[in-house]
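The values are calculated or read from the model by the stated rules, or taken from the named source; none is laboratory data. As the structure is a computational prediction, the values presented were derived from the model and not from experiment. Every residue, glycine among them, receives a Cβ derived from its backbone with ideal geometry; neighbour counts consider all protein chains shown.
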Amino acid sequence: MFAYVVRRCFTGVIMLVVMSFVTYFLFFASPLDPGKFACGKSCPPALIKQTDKALGFDKPWPVQWKDFAVGVVKGRDYPEDPALRKSAPQLISHCSAPCLGYSQVNLINVTSELKDKIPISASLALVAFLMWIAGGISLGAIAALTKGSIVDRGVVGISLVFYALPTFWMGLFLIEFPAIKWGLVAVPSYTSIADGGVWGWLSNLFLPALTLALFYMAGYVRITRAFVLESMSEDYLRTAKAKGLAPRKILVKHTMRAALTPIVTLAGLDFAGLLGGAIITEQVFNFNGLGKLAVDSIQTFDLPTTLGLVLLLAAFVIVANIIVDILYAVIDPRVRVG
Amino acid sequence: MASYRTKALAVATAAALAATLAACGGGSSNANSNTKGGGTLTYYVRSAYEHTDPQRSYLGVEMTNFSRTVYRGLVAFPISSDPTVATTPVPDLATTTGTSTNNAKTWSYTIKNGVKWQDGKAITCEDFKYGASRVFATDVITGGPNYILTYLDIPTDAKTGLPAYDGPYKKDGQALFDKAITCSGNTITYHFKKPWPDFPEAIAALHMMDPYRADKDQGDKSNYQIFSDGPYELQGGTWSKETGGTFVRNPNYSASTDSPNVRKALPNEIIFKVGQTSEQITDQLVADAGPNKGAVTQQSIPSSKFSQVLGPVASRTVSVTSPYVDYLVLNFNRLKNLKVRQAIAMSTDDTAWVAAGGGPKAYKPATDIVSPLVKGYQANLFPGGSGNPAQAKTLLQSAGVKMPYPLTYTYPSTPTADAQARVLQSAWQAAGFKVTLQGVANSDVYYTNIQQPNQAADLIWAGWGADWPSAITVTAPLFDSRPNLTSKSNGQDYGAYKSDPFNALVDKAQNSSSLTDQTTFLQQADQLLAKDVAYIPLDIPIFYMIHGSEVLNYTNNAASNGYPDLGPIDVASSVK
């Protein structure tokens, strides 16, 4: 198991290096000039050139990539110009390893920037995840157990409706009606536990998490129902039933355990994806998480932030994959990693 | 410029930002001369501010809000619904609006006694000098207005093409700067290499010459730190790009050093809330509940919400002419035949364009690229109206070109812009053109595309707002080929217009020591642009704004760039 995890981690690091290289290449293949963005209005070419130099974009891109890689390992000091750092030490801001660069758009080092956003996206993902897993698996199991009944049809039908509704529609609906028009809840605004306590944190997450949960839950209802029904038709369950095992025990210990394996895979990857930011939901609710940052950084041609996000998201997915593989072995003893 | 439309297209953009000066009529409601002050005003802002550093701010709305709250300059624009008064500077931290000598190449100001920073220290001449010096640090202080680089009497480095002084951090060429801006006691004197007759207007509109405390300067790290010399100070000292900040009373501000014509500073607290969409902001202000009764916004009501603005809600709205002008640029690399350009102008249906854009609540027709009441505006430079496709067709036929004449029109694509493009297409096609529409969804990509020297579009949409109320900040930066056209980029001269007579008139305007002469030359230059059909004015966007029912003395005016003016605004007792 240990060797397996080490091997997977090593592969993951190689993937991250390649991804960072490709992102750099794509950025510099674009015709957009980052110096022009930062320079402001009415900038003559000489000033744009100077801005490019100040941002470090005047160097060949492989050199910039190398500087970035060194920064990840050793950390970096900004501004990059040694003469400027020497003459005006008050300007220096240190970016500790792993330094993912410095955003000239947001004027902050990317590592700090991501650290600020991760709690927001992680909170949203976590609450939404708990809601959809609890709702999706239990409703899916109920639908399977009541197959063909009104309950089954009702659950499946309603879940289909929520699945069909795009998250931006659901988000806008929840913010426009329950929050603004009906005044049932305040317009959500992310509040950390430190600032608002657990209730403040949770109550502000409720609507955006519900937006995500309703969408994901619908899929999980259908998947859980299908897997539970499939498990229920297995011979070993018929045997268990014939041997007089209590129905509850059959469901929890045998049926759900078998059905859970593929659901865990899916849930792991969905959760990892959401950790990287729920782009639409964060936009609708103005939650300044990783998703909103991703949109902003792409639109403002902010390479360091974009690169940091790509690497972070990739790392989430790689780690989630490893965890899912390990969980497989825990849930299903027949599976052995290594 | 990346205009208001750029901001509308992008959630956030770091593209070139337009500082604009309102050339507009004012709007006001809930006038109440018996206001006593106090309470909390909420100010909704949709898009994040890129900078709050005075030398880096370049958006009209940011500069306006901060002028009335935390940043004072030598002069300021007063609160007035009369656009002419509102764009005529009055003294702020200086005792007068300045004394000019040497054909407007030298300007002197004396700083008032008793003016202080938020920590109680006196504002000195050196603080003003330091503030101006920061603009020269083009490797650190990026994004702000840079006019001073070409005006201040400092030689240019032949190698870089930039001034030989590189700012207060590296200090190369410091002696040159010390000679160009001098302090004598409380009197500061600026020495320019060319006349700057509208220097007071420029520094009233822009914060580039505002004072800055050297001991507070940490370059980039200071970008969101606000150190006030105005009636308010920022709680915590650091602005949050994503959520805004709360301004509370500055205990070291003395109203006796200020004028109620510039700042009344009535609310005790102003909360800036950044980040909600225009629709969400409008919904909350329409609902008018709780603290939103005392709320204003810089966002126009989106057309999708027009239907909600009825009855009593409508009484809380104000329509103001924005400081922007939208226009079409004709690509001179492709449209070389004057008759073809004239036929395009003649067949442009401006009336249908405005209607497709949402009608009079959203736009009004423009007849000049210079906004009304900016010095140099000419009301009848272009005919506007519905155009005359039949006459245009005759003109096109006489041009000796193959018909239908192919045209490509490029614009930043939105549903509204698409609809507007289609009505233009229809009118042009009736005049014998075959029009291809090329909408570009990403506004940043759009502005990069239209600056390409070899671009394939014949007609290009653009928008612009003056930096201060003079045409010198409109036609010169947009059509003077010399600072714009290079082998790599057309700069802001998107249509690659190149005219020696035009450039000569710009030179004359830039070397005029009087505003009257300057304006005359700029009007002649604009007439030349119209004769050459270098552009076709389309519209002036309307700011259609709503505020809470308990907001008093609400006004949008020319001094505030058409946005809510925080100078006089108060909130009623129920939200105090």
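Looking at (1) small (Gly, Ala, Ser); (2) buried (at least 19 other Cβ atoms within 10 Å of the Cβ); (3) without any contact (Cβ under 8 Å) to a residue 60 or more places away in the chain; (4) not in a helix (DSSP H, G or I), which one does B:ALA421 not meet, given that it meets all the others?
(4)
Would you pick out the residues in region B:49-78 that are in contact with a strand residue (DSSP E or B) (Cβ under 7 Å, 6 or more places away or on another chain) and at pLDDT 95 or above?
B:SER67, B:THR69, B:VAL70, B:LEU74, B:VAL75, B:ALA76, B:PRO78
Return the total of residues in region B:469-502 being under 18 Å from B:ALA525 (Cα atoms) and either among the charged types (D, E, K, R) or more than 9 Å from chain A (Cβ to nearest Cβ) (or both).
The qualifying residues number 22.
Answer with yes or no whether A:ALA179 is in a helix (DSSP H, G or I) and assigned by TED's automatic domain parsing to the domain that holds A:GLY308.
On the way: in a helix (DSSP H, G or I): yes; assigned by TED's automatic domain parsing to the domain that holds A:GLY308: yes.
Taking the combined requirement at face value, the residue satisfies it.
Which condition does A:THR191 not pass, out of (1) assigned to a loop (DSSP other than H, G, I, E, B); (2) loosely packed, with under 15 Cβ neighbours inside 10 Å, if it passes all the others?
Among (1) assigned to a loop (DSSP other than H, G, I, E, B); (2) loosely packed, with under 15 Cβ neighbours inside 10 Å, A:THR191 violates only (2).
What's the number of the only condition in (1) crowded, with 21+ Cβ neighbours inside 10 Å; (2) closer than 30 Å to A:LEU207 by Cβ that A:ASN109 fails to meet?
(2)
Find the helices (runs of 4 or more DSSP H) located wholly in region A:194-296 whose residues include 3 or more that are under 23 Å from A:GLY157 (Cβ atoms), and list them.
A:256-275
Which one of B:PRO302, B:PRO323 is in contact with a helix residue (DSSP H, G or I) (Cβ under 7 Å, 6 or more places away or on another chain), under 30 Å from B:PRO453 (Cβ atoms) and at pLDDT below 95?
Among B:PRO302, B:PRO323, only B:PRO323 is in contact with a helix residue (DSSP H, G or I) (Cβ under 7 Å, 6 or more places away or on another chain), under 30 Å from B:PRO453 (Cβ atoms) and at pLDDT below 95.
Please verify whether B:TYR190 is buried (at least 21 other Cβ atoms within 10 Å of the Cβ) and part of a loop (DSSP other than H, G, I, E, B), treating the condition exactly as stated.
When the stated conditions are applied, B:TYR190 does not pass them.
Quick check on this structure: which one of B:PHE247, B:PHE272 is touching a Phe, Trp or Tyr at 6+ places or on another chain (Cβ under 7 Å), buried (at least 20 other Cβ atoms within 10 Å of the Cβ) and within 30 Å of A:TRP169 (Cα to Cα)? Even if it seems obvious, please write down each step before you answer.
Details: B:PHE247 fails: within 30 Å of A:TRP169 (Cα to Cα).
Exactly one of B:PHE247, B:PHE272 is touching a Phe, Trp or Tyr at 6+ places or on another chain (Cβ under 7 Å), buried (at least 20 other Cβ atoms within 10 Å of the Cβ) and within 30 Å of A:TRP169 (Cα to Cα), namely B:PHE272.
Could you grab me the full set of residues in region A:134-152 that are surrounded by 20 or more Cβ atoms within 10 Å (Cβ to Cβ) and of a type in the set (Val, Ile, Thr)?
A:ILE137
Determine, yes or no, whether A:ILE250 is within 14 Å of chain B (Cβ to nearest Cβ) and without any contact (Cβ under 8 Å) to a residue 60 or more places away in the chain.
no
Report, by residue number, each residue of region A:276-293 that is within 22 Å of A:LEU107 (Cβ to Cβ), among the small types (Gly, Ala, Ser) and away from chain B (no Cβ under 11 Å).
Passing the criteria: A:GLY277, A:GLY291.
Which residues, taken from region B:482-505, are farther than 25 Å from A:GLY35 by Cβ and aliphatic (A, V, I, L, M)?
The answer is B:ALA504, B:LEU505.
If you check B:LYS179, B:LYS241, which single one turns out to be touching a residue at least 24 places away in the same chain (Cβ under 8 Å) and more than 11 Å from chain A (Cβ to nearest Cβ)?
B:LYS179
Taking the conditions exactly as written (surrounded by fewer than 19 Cβ atoms within 10 Å (Cβ to Cβ) and on the phi > 0 side of the Ramachandran plot), does A:GLY56 satisfy them or not?
Judged against the criteria, A:GLY56 is not a match.
Against the definition (aromatic (Phe, Trp, Tyr) and surrounded by fewer than 19 Cβ atoms within 10 Å (Cβ to Cβ)), how does A:TYR236 come out, yes or no?
Judged against the criteria, A:TYR236 is a match.
Could you tell me how many of the residues in region A:177-201 are among the small types (Gly, Ala, Ser) and facing another protein chain (nearest Cβ under 10 Å)? It would help to see each step written out before you state the result.
Residues of region A:177-201 among the small types (Gly, Ala, Ser): A:179, A:183, A:186, A:189, A:192, A:194, A:196-197, A:200.
From what is left, the residues that are facing another protein chain (nearest Cβ under 10 Å) are A:179, A:183, A:186, A:189.
Looking only at that region, the number is 4.
Would you point out the residue of region B:442-454, among those that are surrounded by fewer than 20 Cβ atoms within 10 Å (Cβ to Cβ) and more than 10 Å from chain A (Cβ to nearest Cβ), that is farthest from the chain's Cα centre (by Cα)?
Applying the filter and picking the extreme gives B:ASN454.
Could you look through region B:209-218, keep only residues that are crowded, with 23+ Cβ neighbours inside 10 Å and in contact with a strand residue (DSSP E or B) (Cβ under 9 Å, 6 or more places away or on another chain), and pick out the one that is farthest from B:GLY39 (Cα to Cα)?
If we take residues in region B:209-218 being crowded, with 23+ Cβ neighbours inside 10 Å and in contact with a strand residue (DSSP E or B) (Cβ under 9 Å, 6 or more places away or on another chain), then B:MET209 is farthest from B:GLY39 (Cα to Cα).
Given region A:34-94, what helices (runs of 4 or more DSSP H) lie entirely inside it while holding 2 or more residues that are within 11 Å of chain B (Cβ to nearest Cβ) and farther than 20 Å from B:GLY144 by Cβ? So that I can check it myself, show each step before the final result.
Numbers: elements: A:34-39, A:45-55, A:61-74, A:82-87.
Output list reads A:82-87.
Does A:SER20 qualify as being more than 10 Å from every other protein chain (Cβ to nearest Cβ), surrounded by 14 or more Cβ atoms within 10 Å (Cβ to Cβ) and either of a type in the set (Ser, Thr, Tyr) or more than 24 Å from A:LEU312 (Cβ to Cβ) (or both)?
yes
Could you grab me the full set of residues in region A:101-136 that are closer than 13 Å to A:TYR78 by Cβ and either β-branched (Val, Ile, Thr) or free of Cβ contacts under 8 Å to residues at least 40 places away in the same chain (or both)?
Answer for region A:101-136, where residues must be closer than 13 Å to A:TYR78 by Cβ and either β-branched (Val, Ile, Thr) or free of Cβ contacts under 8 Å to residues at least 40 places away in the same chain (or both): A:LEU107, A:ILE108, A:ASN109, A:VAL110, A:THR111, A:SER112.
Evaluate the following for B:ASP139: is it acidic (Asp, Glu), surrounded by 16 or more Cβ atoms within 10 Å (Cβ to Cβ), without any contact (Cβ under 8 Å) to a residue 60 or more places away in the chain and more than 10 Å from chain A (Cβ to nearest Cβ)?
Spelling it out, it is not the case that B:ASP139 is acidic (Asp, Glu), surrounded by 16 or more Cβ atoms within 10 Å (Cβ to Cβ), without any contact (Cβ under 8 Å) to a residue 60 or more places away in the chain and more than 10 Å from chain A (Cβ to nearest Cβ).
Can you find even one residue in region B:164-181 that is among the acidic types (Asp, Glu), modelled with pLDDT of 95 or more and under 28 Å from the mean Cα position of the chain (by Cα)?
No, because not a single residue in region B:164-181 is among the acidic types (Asp, Glu), modelled with pLDDT of 95 or more and under 28 Å from the mean Cα position of the chain (by Cα).
Please go through region B:276-301 and give me each residue that is closer than 23 Å to A:GLU282 by Cβ and part of a strand (DSSP E or B), ordered by number.
B:THR297
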